[in-house]
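Comments concern the structure below.
Bear in mind these aren't lab numbers, they're just calculated from the coordinates by the rules spelled out. Owing to the predicted nature of the structure, the values given are computational and were not obtained by experimental measurement. Positions of Cβ are backbone-derived with ideal geometry, glycine not excepted, and every protein chain shown enters the neighbour counts.
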Amino acid sequence: MLYFVQDKKLHRFPVPMRCGCKYENEPLRDTIPHDVEQCIFCMNYWPGED
Ligand SMILES: [Zn+2]
């Protein structure tokens, strides 16, 4: 799983449909930083999703 930071929030890459953000070549990382807010759309577990 890869992540990136945009607008001071941590998003998942690739960005799930429900998240409105658009990936714009931010650096990708494979660890979750603790000093940044997590996007609820990307980072929460949603029932029924793979
Ligand atoms: Zn997001």
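Is at least one residue of the range 20-43 touching an Asp or Glu at 6+ places or on another chain (Cβ under 6 Å) and of a type outside the set (Phe, Trp, Tyr)?
No, there is no match, as no residue in the range 20-43 is touching an Asp or Glu at 6+ places or on another chain (Cβ under 6 Å) and of a type outside the set (Phe, Trp, Tyr).
Beta carbons closer than 9 Å, at least 6 apart along the sequence or on distinct chains, pair a first residue in the range 19-31 that is over 16 Å from residue 1 (Cα atoms) with a second that is acidic (Asp, Glu) and in a loop (DSSP other than H, G, I, E, B) for 21/7. Scanning the range 19-50 for residues that are near the ligand (Cβ under 8 Å from one of its atoms), surrounded by 10 or more Cβ atoms within 10 Å (Cβ to Cβ) and not in a helix (DSSP H, G or I) turns up 19, 21, 39.
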